[in-house]
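**Q** Got a structure for you, written out below as structure tokens; questions coming shortly.
The values are calculated or read from the model by the stated rules, or taken from the named source; none is laboratory data. Fair warning: this is a prediction, and the values are worked out from it, not measured in the lab. All Cβ positions, even for glycine, are placed from backbone atoms using ideal geometry, and neighbour counts span all protein chains on display.
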Amino acid sequence: MNSGHDIVTLTVNPALDLSTSIDELRPFSKLRCSGERRDAGGGGINVARVAARLGARPLAVFPAGGPIGTYLADIVATEGIESLVVPIAGNTREDVTVTETKSGQQFRFVLAGPQLSRKEWERAASEFSACLTPSTLAVASGSLAPGVPEDFYATIAKSAKAKTARLMLDCSGKALAAALDVGVYLIKPNLRELRGLTGETLPDQEAWISAARRLVHEGQTKIVALSLAQDGALFVGKDFALRLTAPRVTPISTVGAGDSFLGGLAAAFCAGRDIKEACRHAVAAGTAALLAPGTDLCRAVDVERLLQEIAVVEI
């Protein structure tokens with residue numbers, strides 16, 4: 001079922017992302033905005049969008065319902081991305097990002113999303129599982145929709161393991177902990193999420209590496225891709241620890257930087273790049289997303305340019 005696809009992504013709580021700008025946010029006033037744009041959103045969908053821009057062939061699996069869900073599926077298709085849509089009774093959510101031009105600050109309003117029935121989230125999991133093969137790079141990313149149990153990603157991890165597919169997972173909290181009990185190929189926490197997962201303060205790089213290596217040695221994941229925002233990233237596996245510093249840029253928007261990071265990494269893996277080059281592509285894509293307006297994601301031309309500025313240091 002996934003013939004011709006390098007990557008299969010799952011987004012259980014997708015969104016239609018609306019972005020706009022305003023001179024100044026003021027309470028109790030009618031605020032007239034300008035420059036609106038709408039993009040498909042949600043972790044796995046964004047990963048698929050980035051991977052496609054960087055030359056991969058993704059399939060995006062996601063539930064959608066109502067007129068917003070129909071519009072979401074349509075704009076995913078306009079980017080040339082094949083999708084497998086699971087119909088739901090609820091209406092797909094919208095998220096809003098507003099940039100205040102006077103201050104340069106960005107405000108993000110994220111809705112909870114529609115309540116999914118057991119039948120709906122089980123079908124999403126089943127459809128995703130049916131797409132997996134031993135050659136698949138599977139990506140499950142994003143928040144859980146209301147009604148979806150905290151062990152949902154653990155179920156996905158079991159399916160990937162049964163199909164011997166590599167699963168890259170980007171989530172947090174109890175959902176992440178449950179999936180790690182099963183074991184995955186790669187996780188992409190930020191420092192706050194790694195601290196929450198381990199229950200430790202993790203004050204410095206030595207502690208970060210130690211915590212990541214424990215996860216690897218315990219069989220919970222093969223690779224920890226620790227995102228450090230403007231400070232780059234740290235990648236830790238069984239026999240390597242790599243530190244990368246992100247190029248300094250002036251951010252236009254921070255929306256989708258983490259998803260671009262994961263999409264760049266997935267596309268690089270699918271292109272057969274080694275771990276060092278894949279890590280460089282991840283950091284370049286994450287940084288390039290900061291240069292895109294509103295809810296857009298990284299552009300291939302920016303990724304290629306920034307690659308030249310990223311060095312990999314073995315620790």
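**Q** Need pairs with beta-carbon distance below 8 Å; first residue free of Cβ contacts under 8 Å to residues at least 12 places away in the same chain and within the stretch 255-284, second buried (at least 24 other Cβ atoms within 10 Å of the Cβ); sequence gap 6+ or separate chains.
**A** Arg273/His281; Glu277/Ala268
**Q** Please enumerate the residues belonging to the stretch 187-221 that are charged (D, E, K, R) and buried (at least 17 other Cβ atoms within 10 Å of the Cβ).
**A** Lys188, Glu193, Arg195 - these are the residues of the stretch 187-221 that are charged (D, E, K, R) and buried (at least 17 other Cβ atoms within 10 Å of the Cβ).
**Q** Which of the residues belonging to the stretch 227-240 are surrounded by fewer than 19 Cβ atoms within 10 Å (Cβ to Cβ) and at negative phi?
**A** Across the stretch 227-240, the qualifying residues are Leu228, Gln230, Asp231, Gly237, Lys238, Asp239, Phe240.
**Q** Tell me which residues, restricted to the stretch 139-161, are over 19 Å from the mean Cα position of the chain (by Cα), in a helix (DSSP H, G or I) and either modelled with pLDDT under 95 or farther than 24 Å from Ala56 by Cα (or both).
**A** Lys158
**Q** Does the stretch 291-298 include one or more residues that are surrounded by fewer than 15 Cβ atoms within 10 Å (Cβ to Cβ) and either in contact with a His (Cβ under 9 Å, 6 or more places away or on another chain) or at pLDDT below 95 (or both)?
**A** Within the stretch 291-298, one or more residues are surrounded by fewer than 15 Cβ atoms within 10 Å (Cβ to Cβ) and either in contact with a His (Cβ under 9 Å, 6 or more places away or on another chain) or at pLDDT below 95 (or both).
**Q** Residue check: is Ala138 over 18 Å from Pro87 (Cα atoms), of a type outside the set (S, T, N, Q), in contact with a Cys (Cβ under 9 Å, 6 or more places away or on another chain) and buried (at least 23 other Cβ atoms within 10 Å of the Cβ)?
**A** The answer is yes for Ala138.
**Q** Sticking with this one: Is it the case that the stretch 146-159 has a residue that's among the aliphatic types (A, V, I, L, M) and farther than 30 Å from Cys131 by Cα?
**A** No, the stretch 146-159 contains no residue that is among the aliphatic types (A, V, I, L, M) and farther than 30 Å from Cys131 by Cα.
**Q** Is it true that Val61 is surrounded by 22 or more Cβ atoms within 10 Å (Cβ to Cβ), under 18 Å from the mean Cα position of the chain (by Cα) and within 29 Å of Ala282 (Cβ to Cβ)? Quick ask: steps written out before the conclusion?
**A** Values: surrounded by 22 or more Cβ atoms within 10 Å (Cβ to Cβ): yes; under 18 Å from the mean Cα position of the chain (by Cα): yes; within 29 Å of Ala282 (Cβ to Cβ): yes.
When the stated conditions are applied, Val61 passes them.
**Q** Next question, about the same structure. Within the stretch 42-62, is even one residue in contact with a helix residue (DSSP H, G or I) (Cβ under 9 Å, 6 or more places away or on another chain) and either over 20 Å from Met168 (Cβ atoms) or modelled with pLDDT under 95 (or both)?
**A** The answer is no; no qualifying residue exists.
**Q** Further question: Can you tell me which of (1) over 20 Å from the mean Cα position of the chain (by Cα); (2) within 18 Å of Phe128 (Cα to Cα) is the one Asp74 doesn't meet?
**A** For Asp74, the failing item is (2).
**Q** Do we have Ala271 as of a type in the set (A, V, I, L, M, F, W, C), in contact with a helix residue (DSSP H, G or I) (Cβ under 8 Å, 6 or more places away or on another chain) and surrounded by fewer than 24 Cβ atoms within 10 Å (Cβ to Cβ) here?
**A** Spelling it out, it is not the case that Ala271 is of a type in the set (A, V, I, L, M, F, W, C), in contact with a helix residue (DSSP H, G or I) (Cβ under 8 Å, 6 or more places away or on another chain) and surrounded by fewer than 24 Cβ atoms within 10 Å (Cβ to Cβ).
**Q** Could we say that Leu244 is buried (at least 17 other Cβ atoms within 10 Å of the Cβ) and touching a residue at least 40 places away in the same chain (Cβ under 8 Å) here?
**A** For Leu244, the condition - buried (at least 17 other Cβ atoms within 10 Å of the Cβ) and touching a residue at least 40 places away in the same chain (Cβ under 8 Å) - is met.
**Q** Moving on. Run Ala282 past the list (1) in a helix (DSSP H, G or I); (2) of a type outside the set (Lys, Arg); (3) surrounded by fewer than 24 Cβ atoms within 10 Å (Cβ to Cβ) and report the number of the one that doesn't hold.
**A** (3)
**Q** OK, next. Kindly list the number of the only condition in (1) surrounded by 18 or more Cβ atoms within 10 Å (Cβ to Cβ); (2) at pLDDT 95 or above that fails for Thr99.
**A** (2)
**Q** Give the stretch 102-120 a look and list any residue that's crowded, with 22+ Cβ neighbours inside 10 Å and either in contact with a Ser or Thr (Cβ under 9 Å, 6 or more places away or on another chain) or at positive phi (or both), or say none.
**A** Listed by number, the residues that qualify are Gly113, Pro114.
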